[in-house]
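Everything below concerns the one structure shown next.
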Amino acid sequence: MSRRAVMTGAFSYTGSTVARQLVDRGWTVHTLTNRTKPPGAEHITTAPFLFDEVHLRKELANADVFINTYWIRLPWKGQTFETAVERSKMLFRVARAVNVSRVVHVSVSNAADGRNLGYYRGKADVEEALRDSGLSYGIVRPTLIVGPNDVLTNNIAWFLRHFPFFPIPDAGDYRIQPITLEDTGRIILDAVENSNDVEVDAAGKTVMTFREYVCLLARACGVRRPVFGVPACLSLSALRVMDFILGDIILTKEELLGLKQELLLSHESPRGEESVEEWLMAHGDSLGRSYINDIHRHFGEGSSVPVLNPTDSRQ
Ligand SMILES: NC(=O)c1ccc[n+]([C@@H]2O[C@H](COP(=O)([O-])OP(=O)(O)OC[C@H]3O[C@@H](n4cnc5c(N)ncnc54)[C@H](OP(=O)(O)O)[C@@H]3O)[C@@H](O)[C@H]2O)c1
């Protein structure tokens, strides 16, 4: 009999790849989402993503695994990181109550080391809650996930295409260790199919500075732009002006601090197998062609539209 996975966000960014790889490995997939089902995904059953314990008990019942990708990028419209922590704990509590065999949770690299920042502190609290839950668990901690329709990478490419230069906060000499979306999905699937409690980073093979990443993106997009350092306070002020023009939050002060603290760098042997550089060079032509508004994607009309289609072949 086919194994049943219940997951959040099968039509969102990371979740879509996880859903496709689950199906490829013979799992049936049921997803909690408020997005519409894309064409071809009829084999994936859906239920509204509501934080209501009675509803969640019904939807998580009979799951062999529950995969949690839920998180918020930033506090917005009354939702805070504390809200996201409480909601994540509710998901785990329900999973325990209905005897889900295993929970795999997608966290972030260096969650515990970033406790001075709300996003990371919340992630560390959720990791702790899962460890203490008594559930069989896997925790996967990605660094920066590179794939189609990703907000950060696409929007850097958009800026590179549309402006004659790229000012980078504080010289951009802080290191990151990006990983492809496909590799991230595989690492999550490995945690799903592992029966031990596991905690692993999902990081790519190459460590580079943020400035090198921007320069790599410029090459991938086929544009030549001067990339130069400016004081962080100046770049954040310029970003707030662009936020106003674009109706979005491009990069928060906390996100920049996370980058500067090198929280998107792993201290484990890399599990990524694909080359991020090769992925970017192969897909550069499509990156940054239009701006992706993250607020619209999660809070506006875009919040009901699929981000990626899990039936698209590998991304
Ligand atoms: N993307 C990266 O580079 C990266 C790096 C490190 C860690 N991560 C972690 O990986 C996980 C997946 O990230 P992702 O980039 O794939 O994010 P995503 O596409 O935004 O999906 C995240 C999940 O959270 C839900 N969600 C997001 N914002 C929400 C909101 N405001 N209210 C209610 N639900 C919301 C989404 O629901 P819908 O299905 O309805 O959209 C989806 O189930 C997250 O835990 C994230 O912290 C991501």
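The values are calculated or read from the model by the stated rules, or taken from the named source; none is laboratory data. Quick caveat: nothing in here was measured; it's all calculated off a predicted structure. All Cβ positions, glycine included, derive from the backbone under ideal geometry; neighbour counts span all protein chains shown.
So for region 32-45 (the condition being under 14 Å from V104 (Cα atoms), buried (at least 19 other Cβ atoms within 10 Å of the Cβ) and touching a residue at least 24 places away in the same chain (Cβ under 8 Å)), does at least one residue qualify? No, the conditions are met nowhere in region 32-45. Evaluating Y213 against the criteria (1) within 13 Å of the ligand (Cβ to nearest atom); (2) not assigned by TED's automatic domain parsing to the domain that holds E274 leaves one unmet condition, (2). Scanning region 229-262 for residues that are farther than 18 Å from L152 by Cβ and in contact with a helix residue (DSSP H, G or I) (Cβ under 6 Å, 6 or more places away or on another chain) yields one hit, G229. Only a single item in (1) surrounded by fewer than 19 Cβ atoms within 10 Å (Cβ to Cβ); (2) in contact with a Ser or Thr (Cβ under 7 Å, 6 or more places away or on another chain); (3) of a type in the set (D, E) is not met by E182, and it is number (1).
T17 satisfies every condition listed in (1) of a type in the set (S, T, N, Q); (2) more than 13 Å from the ligand (Cβ to nearest atom); (3) in contact with an Asp or Glu (Cβ under 8 Å, 6 or more places away or on another chain) except (2). Of the set (1) surrounded by 15 or more Cβ atoms within 10 Å (Cβ to Cβ); (2) out of contact with any Lys or Arg (no Cβ under 9 Å at 6 or more places or on another chain), all apply to D170 but (2).
Only one of the listed residues (V29, V23, V104, V85) is β-branched (V, I, T) and over 22 Å from L189 (Cα atoms). That residue is V85.
If you check E86 against the conditions, is it more than 30 Å from A220 (Cβ to Cβ), assigned to a helix (DSSP H, G or I) and without any contact (Cβ under 8 Å) to a residue 24 or more places away in the chain? Taking the combined requirement at face value, the residue satisfies it.
Each row is one residue, and each column tells you yes or no for (1) within 14 Å of the ligand (Cβ to nearest atom); (2) outside any helix (DSSP H, G or I); (3) at positive phi; (4) within 16 Å of the chain's Cα centre (by Cα).
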site	(1), (2), (3), (4)
L263	yes, yes, no, yes
H267	no, yes, no, no
D285	no, no, no, no
G288	no, yes, yes, no
Y291	no, yes, no, no
H298	yes, no, no, yes
G302	yes, no, no, no
V307	yes, yes, no, yes
D312	no, yes, no, no
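Taking the criterion of being part of a loop (DSSP other than H, G, I, E, B) and either surrounded by fewer than 24 Cβ atoms within 10 Å (Cβ to Cβ) or touching a helix residue (DSSP H, G or I) at 6+ places or on another chain (Cβ under 6 Å) (or both), the residues of region 105-130 that qualify are S107, V108, N110, A111, R115, N116, L117.
Remark: pairs (first residue in region 294-314, free of Cβ contacts under 8 Å to residues at least 60 places away in the same chain; second residue near the ligand (Cβ under 10 Å from one of its atoms) and polar (S, T, N, Q); Cβ separation under 9 Å; 6+ apart in sequence or on different chains) = H296/S303.
Only a single item in (1) part of a helix (DSSP H, G or I); (2) within 13 Å of the ligand (Cβ to nearest atom); (3) crowded, with 21+ Cβ neighbours inside 10 Å is not met by I139, and it is number (1).
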